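Input: a single structure, listed below in structure tokens.
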Amino acid sequence: MADDAPETKPVSIADFVARKKKGEKLVMVTAYDALFGRLVDESGVDAILVGDSVATAVFGHESTLPVTLDQMIYHAAGVRRGVKRSLIVIDMPFLTYQASIELAILNCGRALQETGVGAVKVEGGGPEMVDTVRALVRTGIPVMSHIGFTPQSVKTIGGARVQGRQKLDAERLLAEARSLEEAGAFALVLELVPAGVASGITRALQIPTIGIGAGPDCDGQVLVLPDLLGLNDTFSPRFLKRYAELAQDVRQAVGSFADEVRSGAYPDTAHSF
């Protein structure tokens, strides 16, 4: 049947994990609405992260902390309506899973129920978070974990800083990664981690690693969509490669529209009834 063809069959958690064993790189990007969800899905990515980066990339906040669970659910449900194939992962926002395991289960369960996405993502690898991940997985909630620079901890970390440069920090990250894998996480995001450290973590795990600013040896890579499209042209960290310069295209297109409206060239007869 056509629905079973590889190019149209939805990506499952099992498919995602199997890609590491096959040595096939994974591709993940963020999206925040049905339109861009559809476009990136049709581009053949493996996973779409409905990131709490919506706070900074779209709404102009200085960090991801202000975004709420209701807002994340709204955006994830929109993305879900535009996507047919990619695995969709919803970022759980600040204070929706850290306070207690019971709260984490209720909020993560609500996120899956109300959006229809495939998994949640939570930040942190300390003992309490490992216990939370284990409880979520036992409840039937697929979890993608996230260590290294964790944006929801930006105030305690002191900014977007590379994590794991010192030997003890690198060893801690490896221990966290192993503990999260043991707890049942199906994948692990490594953000702002030295390439050598990320490579060692990747080799040590059976689950796939997804890097962002973590070098080339991770099992996959993720970028924030407005950043890779060049829509957010005021943001240029070292790890970011822009694959388009759409901010300038937007300025030019809207400027041309404004010029034609003011000159009376638009709408013309071809664009009138």
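Helix 69-82 versus the longest principal axis of the chain: what angle, 0 to 90°, nearest 10, using Cα atoms?
Around 60 degrees separate the two axes.
Remind me, what semi-axes does segment 1-158 give for its equivalent ellipsoid, largest first in whole Å, using sqrt of 5 times each Cα gyration tensor eigenvalue?
Semi-axes, largest first: 25, 18, 15 Å.
To the nearest 20 debye, what is the magnitude of the charge dipole of segment 74-116 about its Cα centre, counting +1 on the Cβ of each Lys and Arg and -1 on the Cβ of each Asp and Glu?
Here segment 74-116 has a charge dipole of around 340 debye.
Given +1 on the Cβ of Lys and Arg, -1 on the Cβ of Asp and Glu, and no further charges, what dipole in debye does segment 2-242 carry about its Cα centre, rounded to the nearest 20?
Charge dipole of segment 2-242: 440 debye, to the nearest 20.
May I ask you to derive the FRET efficiency for residue 131 and residue 14 from their Cβ-Cβ distance with R0 = 30 Å, giving the value to the nearest 0.05? Mind dumping the intermediate values first?
Working: r = 25 Å, r/R0 = 0.82.
Given R0 = 30 Å and the Cβ-Cβ separation, E is 0.75.
Within segment 228-257, find all residues whose amide N lies under 19 Å from a label point positioned 7 Å from the Cα of residue 39 along Cα-to-beta-carbon.
228-235, 241-257
If the limit is 27 Å between Cα atoms, which of 25/241; 21/167; 121/155; 25/155; 9/121 go over it?
Details: 25/241 18 Å; 21/167 29 Å; 121/155 20 Å; 25/155 33 Å; 9/121 23 Å.
Long pairs (Cα-Cα over 27 Å): 21/167; 25/155.
Counting pairs of alpha carbon atoms under 8 Å apart in space and at least six apart in sequence, what relative contact order in percent does the chain give?
For the chain, the relative contact order is 15 percent.
Nearest 500 deg cm²/dmol is fine: what mean residue ellipticity at 222 nm does the chain get from its DSSP H runs of n ≥ 4 alone, each adding -39,500 (n - 2.57), divided by its residue count?
-13000 deg cm²/dmol
Hey, in the GNM for the chain with a 10 angstrom Cα cutoff, which one of 101, 90, 73 fluctuates hardest?
101
Going by alpha carbons, how many degrees (0 to 90, nearest 10) lie between the helix axis of 127-139 and the longest principal axis of the chain?
70
If each residue's Cβ is checked for other Cβ atoms within 10 Å, how do 16, 59, 186 rank with the fewest at the top?
Listing 16, 59, 186 from fewest to most nearby Cβ atoms yields 59, 186, 16.
Would you mind calculating the gained length between residue 95 and residue 182 on full extension (0.36 nm times residue separation, minus the Cα-Cα distance), in nm to one decimal?
28.9 nm
What distance in nm lies between label points placed 7 Å from Cα along the C-beta direction at residue 257 and residue 62?
So the label points at residue 257 and residue 62 sit 3.2 nm apart.
Between residue 155 and residue 234, what is 0.36 nm times their sequence separation minus the Cα-Cα distance? Round to one decimal in nm.
26.3 nm
As I understand it, the value is the acute angle between the Cα axis of helix 246-263 and the longest principal axis of the Cα atoms of the chain; what does it come to in degrees, rounded to 10?
Taking the Cα atoms of the chain, the angle to 246-263 is about 20 degrees.
Every number in this text was worked out from the coordinates using simple rules, so none of it is lab data. On a predicted model such as this, the values are computed, not experimentally measured, just so you know. Methodologically, a virtual Cβ is constructed for each residue, glycine included, from the backbone with ideal geometry; neighbour enumeration extends over all protein chains shown.
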